[in-house]
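Visitor: One structure, as structure tokens, below. Some questions next.
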Amino acid sequence: MRIRRLELLVVVAMGLFVLLLAFSFRPGHRPASSHRQEIPPAPASQAAGEPTTLLDGFDFTESVGGKPLLRIKADRTIGYGPGAGLAPNLYAGEKVTLTVYPEDGAPVTVHADRADYDERSRESKLLGNVRWTDGEGSLAETAEVLFHPANRTLDAPKTVHFTKGSIDLMAPSARYDLRERVVQLSGPLVGSGSGEESGGLSHLTAREGLYRREQGVLELEFVEGQSRTGDRLAADHLIVKMGPTGGGAEWVRATGSVRGTLSPREDSGTPAVEKIVRHYAGDQSMLSFDSDGKARAFSLLGAPAVLWEVKRRLAARQIDVAFSDGRATSARFAGEVRIEAEGNRASAERGSLGFAKDGAADNVALDGNVKIDADGRRGEAARAVQVGEQETWVLLGEAGRSARAESAGSRLSADRIEIEKTRRQVRGQGKARAVFAPDPGKPERTMTLVGNPKRPTYAKADRIVLDDANHLATLSGGATVWQDNSSLFADDMTLADVEKTLTAVNNVRAVLTPAGDQAAKPGDRAASVIAAKHLLYRESDRTARFEGGVTMTRGGLRTTGGESTAWLGKNQDVDCVEMSGQVNLVDRTAGRTGRAEKALDYPKQGKTILWGNPARLTDAGGNQVAGAILTILDRGRSVEVTAPEGGKTETIHRTPND
């Protein structure tokens with residue numbers, strides 16, 4: 001083992017040094033210096049005996065194969081023994097320098113004002129302004145160090161001042177293990193650093209610590225720290241990786257009950273009262289620095305790791321924060337992501353967000369099984385983005401899976417859905433689909449024109465907007481609503497809950513099917529199909545007003561006119577339809593055509609009434625009947641003619657000769 005071999009050589013070299021001193025201190029031996037100095041008394045703490053000789057300018061190097069193992073230098077060395085001519089038991093040196101050369105790495109150099117060496121125990125005591133350094137820029141200062149060759153340690157029983165790069169620590173005592181090359185610092189520790197940037201600690205305390213020279217790391221236990229900009233850090237265990245000689249920290253890793261704060265920079269241009277302090281907690285963190293000592297990246301792990309501020313809380317398995325010029329600019333997170341912010345909740349597999357100059361989070365992006373709840377408006381999507389101060393969630397679907405949202409009992413799916421908190425809207429774009437369900441908690445919600453109001457009604461369009469603030473539902477582009485066999489088509493529709501109205505424009509087509517009475521004849525359940533340019537439905541009197549080139553068909557009956565009004569029953573089926581403005585009628589079942597100024601159709605009774613001046617009906621054989629009122633009964637099987645007041649009816653019967 002290379003380290004053990006080196007340590008044994010150190011001990012051997014110390015022995016050789018002792019022998020050399022013994023030879024030099026023999027009576028009559030000439031000192032290296034021609035200047036005779038006064039011999040001080042032996043150290044009071046040792047039964048050293050009398051001084052025997054004095055040696056000036058001592059410099060000894062032990063080498064093996066041309067490679068130095070250790071070097072000992074002293075300005076003056078004195079030997080103390082039981083008497084003249086006898087080998088000294090104790091040696092004392094002044095201005096002592098001991099340098100130990102490892103087989104690999106930089107040497108360790110120990111300086112002291114004076115040092116004692118006990119030949120009997122082979123131990124040394126270095127006293128007065130003792131300090132050791134290595135090639136990596138570490139420095140330790142203390143008043144006393146004990147060298148124990150058997151244990152291969154340097155013990156500092158008094159206060160130690162340790163520095164490495166920008167780290168500065170004070171410890172009650174310390175021990176340097178020469179074999180492991182580890183400095184153990186007893187606690188409590190009090191430290192400081194340059195801390196010029198947000199990531200650097202300017203003050204810290206710890207229960208104990210150690211410095212591993214080989215790895216260039218400082219390990220601290222039960223640490224609390226603070227930076228000059230207000231950042232805080234606390235953890236059970238902290239590891240600081242120091243840079244090259246004289247450099248600052250490269251990274252800081254914390255484990256065990258990690259917690260702290262990240263504060264915005266003072267030069268962000270935002271008043272201090274508006275600055276956002278961000279707190280964090282987790283099981284493990286890693287903070288790395290750039291070449292200028294500024295924070296570069298921060299990672300937080302936990303079950304979960306948590307990052308929170310006054311208005312937002314983020315939890316995930318891992319949170320990574322990126323910095324620019326020492327300021328946090330963005331964060332990425334993954335694993336059981338949960339976000340809570342002022343009534344909003346969201347979850348996902350992973351995501352990211354940005355930080356404004358004042359520290360506020362914006363542009364939140366979530367990915368993978370996203371679920372959100374924005375003030376009761378719930379949504380699900382493959383991906384979602386929250387846009388800036390508008391507090392708008394944008395939900396995006398993927399192939400084979402649309403984004404979905406729910407608001408006030410209505411459900412919406414589309415390729416893209418926007419949930420806006422401020423305007424209280426849910427907007428679906430691209431293959432939008434909706435389900436309008438009765439909401440027991442909001443009886444004011446109106447039902448659509450078609451179907452049973454106690455059952456859900458379905459809708460689709462290119463774009464659907466659910467406006468909870470104004471109680472509106474707007475469908476644009478190929479809009480359709482339906483329930484069972486009843487439906488309504490138009491280019492655009494608007495459902496207003498407050499006014500209890502439905503408006504449809506352009507290419508309007510309503511299919512109104514009677515309630516499903518399975519015992520009724522097929523002709524009795526024929527749907528009324530009404531086409532027009534414009535429709536206005538009022539829930540208050542259950543009337544549907546059609547305008548612009550109106551056409552109505554029911555079974556074999558087809559009626560056209562300028563405008564029409566339909567009255568609906570309790571089940572939203574047609575009780576009566578009125579049509580006016582150059583009414584034309586074609587009854588394919590009876591082979592009959594007609595003209596009138598106004599027509600009134602009763603689908604449930606199979607009765608149609610025509611008004612005119614006069615109204616006319618013509619059958620397939622060319623026979624005609626005219627009157628002020630023509631009543632078609634029994635689904636076209638008979639006609640009643642009413643003459644105008646004071647007038648006559650007219651009948652034309654064509655014979656074969658005609």
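Visitor: How do 344-353, 394-403 rank on mean C-beta neighbours within 10 Å, highest first?
Guide: Top to bottom by mean Cβ count within 10 Å: 344-353, 394-403.
Visitor: To continue, here is another question. What full-extension length gain, to one decimal in nm, is calculated for Glu342 and Ala620 as 0.36 nm per residue of separation minus the Cα-Cα distance? Each step should come with its number before you reach the end.
Guide: Details: separation 278, 0.36 × 278 = 100.08 nm, distance 7.31 nm.
Result for the pair: 92.8 nm of gain on full extension.
Visitor: Suppose R0 equals 25 Å; then what is the FRET efficiency for Arg131 and Phe60 from their Cβ-Cβ distance, rounded to the nearest 0.05?
Guide: Computed FRET efficiency for Arg131 and Phe60: 0.75.
Visitor: Under a cut-off of 21 Å between alpha-carbon atoms, report the lysines in cross-link reach of Lys607, not counting same-chain residues fewer than 8 places apart.
Guide: The reachable lysines, counting only those whose Cα sits under 21 Å from Lys607, are Lys521, Lys570, Lys598.
Visitor: Another question, if that's okay. How far, in nm, would the chain grow between Ser540 and Thr205 when pulled straight, counting 0.36 nm per residue and subtracting the alpha carbon separation?
Guide: Going from the current span to full extension adds 113.1 nm.
Visitor: Okay, moving on. Quick check: at a probe of 1.4 Å, how many percent of the accessible area of the stretch 90-177 sits on carbon and sulfur atoms?
Guide: That share works out to 50 percent.
Visitor: What does the accessible area per residue of the stretch 463-607 come to in Å², with a 1.4 Å probe and no ligands, DNA or RNA counted?
Guide: Dividing the accessible area of the stretch 463-607 by its residue count gives 44 Å².
Visitor: Could you check the spin-label model distance between Ser173 and Thr422? Points 7 Å from the Cα along Cα→Cβ, value in nm.
Guide: Computed distance between label sites Ser173 and Thr422 equals 6.6 nm.
Visitor: All other residues with a Cβ under 10 Å from the Cβ of Glu340 taken together, and with Lys, Arg as +1 and Asp, Glu as -1, what is their net charge? If you can, show how the numbers build up before the last one.
Guide: Numbers: positive: Lys311, Arg312, Arg313, Arg338, Arg345; negative: Glu342, Asp373.
Net local charge, Glu340 excluded: +3.
Visitor: For Glu180 and Lys73, calculate 0.36 nm times their separation in residues minus their Cα-Cα distance, and state this gained length in nm to one decimal.
Guide: Answer, rounded to one decimal: 36.0 nm.
Visitor: Same structure, new question: Could you give each residue of the stretch 318-323 its phi-based ³J(HN,Hα) in whole Hz, using Karplus coefficients 6.51, -1.76, 1.60 with θ = phi - 60°, and x for Gly or Pro?
Guide: 9, 10, 10, 10, 9, 10
Visitor: Take Ala150 and Asp236, extend 7 Å from each Cα along the Cα→Cβ direction, and tell me the distance between the two endpoints in nm.
Guide: Spacing of the two 7 Å Cα→Cβ label points: 3.7 nm.
Visitor: What distance in nm separates the two pseudo spin-label positions at Val498 and Ala303, each 7 Å out from Cα along the beta-carbon direction?
Guide: 5.3
Visitor: For the stretch 271-427, what is the accessible area per residue in Å² when the probe is 1.4 Å?
Guide: Per-residue value: 46 Å².
Visitor: Sticking with this one: Quick one: of Lys164/Lys241; Lys311/Lys357; Lys73/Lys164; Lys454/Lys533; Lys421/Lys454; Lys241/Lys294, which pairs are farther than 18 Å apart, Cα to Cα?
Guide: Flagged as over cut-off: Lys73/Lys164; Lys454/Lys533; Lys421/Lys454.
The values are calculated or read from the model by the stated rules, or taken from the named source; none is laboratory data. Worth saying up front: this structure is predicted, and the values here are computed from it rather than measured. Neighbour counts run over all protein chains shown; Cβ positions are idealised from the backbone, glycine included. The protein model used for the area step is the full one, side chains on, heavy atoms only, and it has no ligands, DNA or RNA in it. Shrake-Rupley method; radii C 1.70, N 1.55, O 1.52, S 1.80 Å.
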